[in-house]
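Asks: I'd like to ask some things about the structure below.
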């Protein structure tokens, strides 16, 4: 259970890397999109939550792989290249799960604010 919680926490934290362009867009829109996503947070289907759980596991694996590479990088330029590669793989993992990055981030934000939703996704990740 602790492993699943850590996995989802890592994935939602990593979503910040994946969502940088989307977050900039939200800021430009005055955060209106974020507010509407929060209102719809409880309306995620079981299929969407399962996709999130699957993508979270993939993202956690990518993050773990690239963390070691980042630690061994020799300079800022190399670190930036590694971060970009990791970001590309994470975006691909989300898309391969059948979700958009925006959907993934919406669920990630909702999970951080709703312990019951987090438990539901953790249960799906264990299956």
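The values are calculated or read from the model by the stated rules, or taken from the named source; none is laboratory data. This is a predicted model, so every value here is computed, not measured. Ideal geometry is used to build each Cβ from the backbone, glycine not excepted, and the neighbour counts take in all protein chains shown.
Asks: Quick one: in the range 114-123, of everything that is in a helix (DSSP H, G or I) and in contact with a helix residue (DSSP H, G or I) (Cβ under 7 Å, 6 or more places away or on another chain), which residue is surrounded by the most Cβ atoms within 10 Å (Cβ to Cβ)?
Replies: Among those residues, the one meeting the criterion is 121.
Asks: Output the residues belonging to the range 44-79 that are farther than 30 Å from residue 127 by Cβ and either touching a residue at least 24 places away in the same chain (Cβ under 8 Å) or in a helix (DSSP H, G or I) (or both). Let's see the steps before the verdict.
Replies: Residues of the range 44-79 that are farther than 30 Å from residue 127 by Cβ, as a first pass: 69-79.
Correct list: 69, 70, 71, 72, 76, 77, 78, 79.
Asks: Restricting attention to the range 27-46, which residues are surrounded by 11 or more Cβ atoms within 10 Å (Cβ to Cβ) and modelled with pLDDT of 90 or more?
Replies: Selection gives 44 alone.
Asks: Let me ask something else about it. Residues that are modelled with pLDDT of 90 or more, surrounded by fewer than 15 Cβ atoms within 10 Å (Cβ to Cβ) and not in a helix (DSSP H, G or I): does the range 97-105 have at least one?
Replies: yes
Asks: For the range 80-89, state whether one or more residues are in a helix (DSSP H, G or I) and under 17 Å from residue 45 (Cα atoms). Break it down into steps so the answer makes sense when it comes.
Replies: Taking the range 80-89 as the starting set, the residues that turn out to be in a helix (DSSP H, G or I) are 80-89.
Checking which are under 17 Å from residue 45 (Cα atoms) leaves us with none.
No: the range 80-89 contains no residue that is in a helix (DSSP H, G or I) and under 17 Å from residue 45 (Cα atoms).
Asks: Continuing with the same structure: Among 51, 79, which is at pLDDT 90 or above and in contact with a helix residue (DSSP H, G or I) (Cβ under 7 Å, 6 or more places away or on another chain)?
Replies: After applying the criteria, what remains is 79.
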